[in-house]
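Q: I have a structure I would like to understand better, so I am pasting it below and will then ask my questions one at a time.
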Amino acid sequence: MLQLSGITKTYPTPQGPLKVLDDVDLTLGAGESLALMGESGSGKSTLLHLAAGLDLPDEGSVHLGGQRLSILSETKRAALRRDRLGLVFQQFHLVPSLSVRDNLTLQARLAGREDDAWTEHLLTRLGLADFAARYPEQLSGGQQQRLAIGRALAPKPRLLLADEPTGNLDEATAAQVLDLLQALIDESGCALLMVTHSARVAAPMQRHLVLKRGKLMDAVL
Amino acid sequence: MSTAAPGVLRTTLGTLLSHYRRHPGQLLMLLLGLWIASALWSGVQAINASARESYARAEALFSADLDRIARRDGAALSLDDYLALRRAGLPVSPIIEGELSLPDGESLALIGIEPLSLPGGAPLAQQDGDADSLRNWLIPPYRVRVAPDSLAKARTLEGLPPLEIDPDLPPATLVTDIAVAARLLNMDRHITRLVIAPERDVELPSAFVRTSTDALASPGQLADSFHLNLTAMGLLALVVGLFIVHAALGLALEQRLGLLRTLRALGVPARTLILALGLELLLMGLTGALLGIVSGVILAQLLLPDVAATLDALYETTVSGTLNLPWYYWLGGVAITLGGLFSAGASMLWRAARVNVLALGQAQAWRARLRSQLRLQLLFGAALLVGATCLWWYLASTGGQQDLALGFALVALLLLGAALCLPPLLAGLLGLLARYLPRRAALLQWSVADLQLQLPQLSLAMMALLLALSANLGVGSMVGGFRLTFLDWLDQRLLADLYVRPSMEQFEDLESWLQERSEVATLLPTRSTEAELIENDVNVGPVALFGIAPEPILRRHWPLLDTLEDREAAWSALNQGAIFINEQLARRQGLAPGDTLQLKSPASLITLRVAAIYPDYGNPRGEIVLPVSRLATEFKAPSGTLGVVLAPTEDRAQTLERLQNALRQRFLLTGEGTDGTPLIDQQALKQMATEVFERTFAITRALNALTLGVAGLALLTTLLAQAEARRAQVAPLWALGVSRSRLVLLQIGQLVMACLGTALLAIPLGLLLTGTLVAVINVAAFGWRLPLHVFPGQIAMTVALAVMVAILAALIPAWRLWRVPPRQLLQEFAAA
């Protein structure tokens, strides 16, 4: 499903170049779930951006669904993202001017795969059925993150990339959201790569890796 | 993937547009800007297009293709003159003209022609060509041709032959056979004019004089200044309106950066995103253009009757009171709105396309780009100003032969260059203020720092204000300077208290009678005719000759722009055979005092030396001044006007009235005023000239004020659009103990500060604009230059206007801040 081989990424800083990822290899099979851990600034989000084709590595290759991202045009990378990936961000990034229902179906509509029954199912499972006509600002933080997860799952992606999906939520709400995410992943059968710095959040995942000084290693929970 | 592409575009566009559902004010501001820009431009163009169409019809009718023949003694032409010339084998054709009064008090012009003798190429002679049509024209019940827009009025006239529609005729004009016209106008054996094809080079009997077609100023030429004013102001309104659009688009983009990033992350390609933004612009543009053009036409429809009346009063041109808009008007209106919108939106598309998807939505990255954009803007603005300087230098070196298009290019470079430099200059000014403000003035320091943060959002509105203020000062100074110069010039040229226009037979008797009157101090006779100007043995066309009597009073007052030595020497030279020429002729022919020119007189070719150049405002033609005696003998000019200068008296009005009454009784002269009547009071003439002046510039002033209003609106809408974000900035200050009333005052003070900075730049820019208008645009458009006047009052007014606009624009947002409940401010504080 996802294969990263020999990935290196360096950023220029006032103190000189900073190598964030150094010869990183990572493979994620269909239906697998993986938690990527590490301290702030360890390069977790960079790796996620590379996996999503939002950015390109300086060295190495990223294969998604068998396609090498670096040889694809920006338009094709965008299409791949639209069709096969679901993205969940820490900051939700909902569209404030769209209703809950329209936000939920946004990526599915972009991908041309809107499924009314699946949408209703998601709304119910996410506990948003009664709020479908409201706008994001009228929802609580937990509801907003549930909506962001629903948006990512609405086009039935093969891989869900989540960047600290509970980072903005209190403990109780975070637990609820994680349970829901896990349940929906199981229902849809898509793979999950989740970036987190919390061992508790990472625990339910099948595999656990940690990024340290640009290198990827197995994590001990 | 390919099947999803239209869906991606549709969904992206829908999502982008949904932004306006939450921010209807921004949409309103965008459409308002487009609407104002398009409506004012379209309105002005509709008036211009309609007037030009009327001029074109009138010019085609009186064409411009026929020379006129008149009696040298100035007497009216009669049927006998026509018959005598035809018997002499001259292919002349008679025309009579008059007015038929309508029941509602208006009138229609009636022109009678003789189709068989009228030169074939002339538009008046163009019949349908078939024999039936000509027969209908020549035999009872005859026919009267009328333009469709005057048909209804013509139908209210009784006793007219059957009407035929002719779309080529000018408005309010009827054309029929000369016999029918003579009967309807009771003109009996009188003829208004005789015409001849210009290519017919015939020798006229000495009693007649021929005026070439080139010498006749067409209605379009005369009203050009009026339309030039309208166009320039329409263009300014368009530019200022587009600044509002630019400001609105910038805000809409900045607020949607997060949305753009999300869309890109969800798989919308950059190209699709730009295409969607482009489609959004197109949608806005078409809506704005439609709204603007429709309102522009309504505006023009409302204004046209007044404009037509003004043009009729000023230039005696008949402009149809109903709009006649050619197809290209509509297309042009849409094109200019869309073109303007895309030029205003191009930077938005460019910036959106360049920003990295990972940096999208990050305010810092965006601000860093704005800083580099400010630097780029300053460089580009400076380059434009250097370009303007080079163009000025080039135009100054070309002397009189200036190109109007280059003149406008100079104005555009100057305005755009200065506008682009404004934001970086304001930023620099605020930086300096922040550095030197005392540390104790914490609120003031915050105020300056906060204004620096606001600058990117405010800069476009400030640029619009700069343009409006400098245009206000520039045009105001130009009109003020023109008024001073023009009134001064009128005083110098209209020296006589009374102007008498006697017939040829009366002239000598009347002159002798006046010379003997004790109340008359000096008589100033004038004559006029025309002659062919010869340059390098080539006839370059006719030039007007004006004869004056170089009496001491005239020598003292007649304005001169340039002489070889001094005024006295110039007048002596005039008496010894030299000439004066007007500024228009000097610029057109590149002549200076001391140069010579050649004229073809009825007797021979004469070489004349130019002794001086005089200003001749408002005259589109080249003119030469000679002593009146010389004009009579060498150029056989018919007698003209007698200017009567009264001897010093305590009661001028009474003396003048006594003299006028005596003239009426003795010489049966009647009438007062200015229009073809034999007695013209100087005061009435001056009053009319001043009225013409004021009315010509009234619309300029109105549009100028409107532009300033639009700029104020730009500022207001910008403030309203960012009011929400501003509250988050001021809420912490409120939480720290600054009262809401102080916050309100601070906000007003900030805007006044920014507007004052803008006004400081608007002053030199406005003065430069005045310089360009009087020294370049005026010379290129009309052939004469105005002296540059600087009015301190106008400058003070510009500064006052800037402060007023700032206070007015800040008032509503400040009032809203004043009314915001403390609970909401607490929320803003928590979010800040």
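Q: Determine the relative contact order of region A:64-132: mean sequence separation of Cα pairs under 8 Å and six or more apart, normalised by residue count, in whole percent. If you can, show how the numbers build up before the last one.
A: Numbers: 20 pairs, mean separation 17.9, N = 69.
This gives 26 percent for region A:64-132.
Q: How much solvent-accessible surface does B:LYS153 expose, in Å² to the nearest 10, with a 1.4 Å probe and all protein chains in place?
A: Probe radius 1.4 Å; accessible area of B:LYS153 about 80 Å².
Q: Mind ranking B:ARG86, B:ARG145 by accessible surface for me, highest first, 1.4 Å probe?
A: Output order, biggest surface exposure first: B:ARG86, B:ARG145.
Q: Moving on to the next point. When the accessible area of each residue in region A:81-114 is compared between its chain alone and the complete protein assembly (1.4 Å probe; ligands, DNA and RNA ignored), which residues differ by at least 50 Å², being lower in the assembly?
A: By number: A:ARG82, A:HIS93, A:SER97, A:LEU110.
Q: What nm value, rounded to one decimal, do you get for the distance between B:GLN576 and B:ASP104 when each label is placed 7 Å out toward the C-beta?
A: Using points 7 Å along Cα→Cβ, the separation is 6.4 nm.
Q: At 1.4 Å probe size, with every protein chain present, just tell me what the per residue accessible area of region B:503-668 comes to in Å². Kindly include the intermediate steps, with their values, before the conclusion.
A: Details: 7740 Å² over 166 residues.
That works out to 47 Å² per residue.
Q: Return one whole number: the accessible area per residue of region A:2-218 in Å², for a 1.4 Å probe.
A: Heavy-atom SASA per residue in region A:2-218 reads 41 Å².
Q: Over all directions, the average projected area of the alpha-carbon convex hull for the protein assembly as shown comes to how many nm²?
A: Details: hull surface 228.4 nm².
Spelled out: convex hull of the Cα atoms, projected over all directions, averaged, 57.1 nm².
Q: Roughly how big is the protein assembly as shown's charge dipole about its Cα centre, with Cβ charges of +1 (Lys, Arg) and -1 (Asp, Glu), in debye to the nearest 20? Mind dumping the intermediate values first?
A: Details: 86 positive and 92 negative charges, 1091 e Å.
Dipole about the Cα centre, nearest 20: 5240 debye.
Q: On a 1.4 Å probe surface of the protein chains, which of B:ARG68, A:ARG68, B:ARG135, B:ARG819 comes out largest in accessible area, and what is the full order? Mind dumping the intermediate values first?
A: On the way: B:ARG68 75, A:ARG68 95, B:ARG135 120, B:ARG819 155 Å².
Correct descending sequence by accessible area is B:ARG819, B:ARG135, A:ARG68, B:ARG68.
Q: To make sure I understand the rule: partners must be lysines, Cα under 17 Å from the Cα of B:LYS153, and not fewer than 8 residues away in the same chain. Which ones qualify?
A: none
Q: Considering only the other residues whose Cβ falls under 13 Å of the Cβ of B:SER477, what net charge follows from Lys and Arg at +1 and Asp and Glu at -1?
A: Numbers: positive: B:ARG483, B:ARG701; negative: none.
Value of the local net charge: +2.
Q: Given B:LEU817, A:LEU147, B:THR770, which one lies farthest toward the positive end of the charge dipole of the protein assembly as shown, if we put +1 on the Cβ of every Lys and Arg and -1 on the Cβ of every Asp and Glu?
A: Looking along the dipole axis, the top candidate is A:LEU147.
Q: How much accessible area is lost when chains B and A come together, counting both sides, with a 1.4 Å probe, in Å² rounded to the nearest 100?
A: On the way: alone 37920 and 10300 Å², together 45870 Å².
Buried surface at the B/A interface: approximately 2300 Å².
Q: So which GluC sites (Glu not before Pro) in region A:31-138 pass both tests, a DSSP loop state and at most 14 other Cβ atoms within 10 Å of the Cβ? Kindly include the intermediate steps, with their values, before the conclusion.
A: On the way: sites: A:GLU32, A:GLU39, A:GLU59, A:GLU74, A:GLU114, A:GLU120, A:GLU137; in loops: A:GLU32, A:GLU39, A:GLU114.
Sites meeting the loop and neighbour criteria: A:GLU39.
Q: Roughly to the nearest percent, how much of the accessible area of the protein assembly as shown is carbon and sulfur, given a 1.4 Å probe?
A: Working: 26060 of 45870 Å².
C and S fraction of accessible area: 57 percent.
Q: Still on this structure, please answer the following. Once you put a point 7 Å from the Cα of A:ARG213 and another 7 Å from the Cα of B:TRP513, both along the Cβ direction, what distance in nm separates them?
A: 12.1
Q: Which entries of A:LYS76/A:LYS212; A:LYS44/A:LYS76; A:LYS44/A:LYS156 show an alpha-carbon separation above 27 angstrom in the structure shown?
A: Values: A:LYS76/A:LYS212 32 Å; A:LYS44/A:LYS76 24 Å; A:LYS44/A:LYS156 24 Å.
Where the Cα-Cα span goes over 27 Å, the pairs concerned are A:LYS76/A:LYS212.
Q: Looking at the protein assembly as shown only, what percent of DSSP beta bridges run antiparallel? Nearest 5 please. Present the calculation step by step, with values, prior to reporting the outcome.
A: On the way: 75 of 109 bridges.
Approximately 70 percent, going by the DSSP bridge assignments.
Q: Related question: Under 10 °C and 1.306 mPa s, how fast does chain A diffuse according to Stokes-Einstein, given a Kirkwood radius computed over C-alpha pairs? Answer in µm²/s, whole number. All intermediate terms of the calculation are to be shown ahead of the outcome.
A: Details: Rh = 17.7 Å.
For these conditions, the coefficient is 89 µm²/s.
Q: For B:ARG371, A:ARG200, A:ARG81, give the ranking by accessible area with the largest first, probe 1.4 Å.
A: On the way: B:ARG371 145, A:ARG200 120, A:ARG81 10 Å².
Output order, biggest surface exposure first: B:ARG371, A:ARG200, A:ARG81.
Q: Given contacts defined as C-alpha pairs under 8 Å and at least six residues apart, what's the relative contact order of chain B, whole-number percent?
A: Numbers: 1299 pairs, mean separation 131.9, N = 832.
This gives 16 percent for chain B.
The values are calculated or read from the model by the stated rules, or taken from the named source; none is laboratory data. If you're wondering where the values come from, they're calculated on a predicted model, not measured in any experiment. All Cβ positions, glycine included, derive from the backbone under ideal geometry; neighbour counts span all protein chains shown. Ligands, DNA and RNA are stripped out before the accessible areas are found, and what is left, the full protein with its side chains, is counted by its heavy atoms. Shrake-Rupley method; radii C 1.70, N 1.55, O 1.52, S 1.80 Å.
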